[in-house]
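Visitor: The structure follows.
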Amino acid sequence: MLSKEKQNENSAVHEDVDCAAEETELTASQAEAEAPAPEPSAEELLAQANDRYLRARADFENYRKRMTREFGEVRDFSRQQTIAEFLNVYDMFLLAVDHAEQASDLDSMKQGLKMILAEFQRTFENLGVKKIETQGQDFDPGIHEATSQEPSEKVPEGKIIREWKAGFMINSKLLRAANVVVSSGKAKPETK
């Protein structure tokens, strides 16, 4: 049997050897981790680039399909909202037609038509549509379309005499140009 001192000394030596072995293993694994990875071959680089390209292309195709679907949904929703605004006008027209079949009073028919026109105007306001003012205004080819020109003793040249078709704008965009008759100024005397 070994003495206690000898046993302690042997265990201390074994511990030192174990620690040295662990350090050697750590150093070897660190060396492997720090060693530069081998350069990928041209084929590997091409395969990686092709993979990234195909993924990006698939992502873009999915995005395009999603945007097409969402734009369709927005367009349908806009149509529904617009049509819903005009349903009251439709109802008023039906009432006017029913009333016209039973009534012989022209004044009540005029009143009904004025109510329908007021409902149209309210609906246009709700949708942001504004009628272009024309009467007595300067002719503007950006918002007016001249159907003809007439001489006028009262209306100066370049001013609008009357409107054939109303023009409309939504916000600052032209929906339809107003068809108008423009003054050519005072009639010129005929020369013989």
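Visitor: Looking only at the stretch 116-132, decide whether some residue is loosely packed, with under 13 Cβ neighbours inside 10 Å, among the basic types (Lys, Arg) and part of a strand (DSSP E or B).
Guide: There is no residue in the stretch 116-132 that is loosely packed, with under 13 Cβ neighbours inside 10 Å, among the basic types (Lys, Arg) and part of a strand (DSSP E or B).
Visitor: I've got another one for you. If only one of 103, 96, 84 is surrounded by 12 or more Cβ atoms within 10 Å (Cβ to Cβ) and free of Cβ contacts under 8 Å to residues at least 12 places away in the same chain, which one is it? If you could, list the steps in order and put the result at the bottom.
Guide: Working: 96 fails: free of Cβ contacts under 8 Å to residues at least 12 places away in the same chain; 84 fails: surrounded by 12 or more Cβ atoms within 10 Å (Cβ to Cβ).
After ruling out the rest, the residue left standing is 103.
Visitor: Give the number of residues within the stretch 71-128 that are basic (Lys, Arg) and either modelled with pLDDT under 85 or farther than 23 Å from residue 173 by Cα (or both).
Guide: Going through the stretch 71-128 one residue at a time, the tally reaches 2.
Visitor: What are the residue pairs meeting all of these: first residue in the stretch 137-164, first residue free of Cβ contacts under 8 Å to residues at least 24 places away in the same chain, second residue assigned to a loop (DSSP other than H, G, I, E, B), Cβ atoms under 7 Å, and 6 or more apart or on different chains?
Guide: Going by the 7 Å Cβ cut-off, the qualifying pairs are 138/158; 161/152; 161/155.
Visitor: Test residue 104 against the stated conditions and say whether it is touching a strand residue (DSSP E or B) at 6+ places or on another chain (Cβ under 6 Å) and either farther than 22 Å from residue 177 by Cα or part of a helix (DSSP H, G or I) (or both).
Guide: For residue 104, the condition - touching a strand residue (DSSP E or B) at 6+ places or on another chain (Cβ under 6 Å) and either farther than 22 Å from residue 177 by Cα or part of a helix (DSSP H, G or I) (or both) - is not met.
The values are calculated or read from the model by the stated rules, or taken from the named source; none is laboratory data. All values derive from a computational prediction rather than experimental measurement. Don't worry about glycine lacking a Cβ; one is built from the backbone with ideal geometry, like all the others, and counts go over all protein chains shown.
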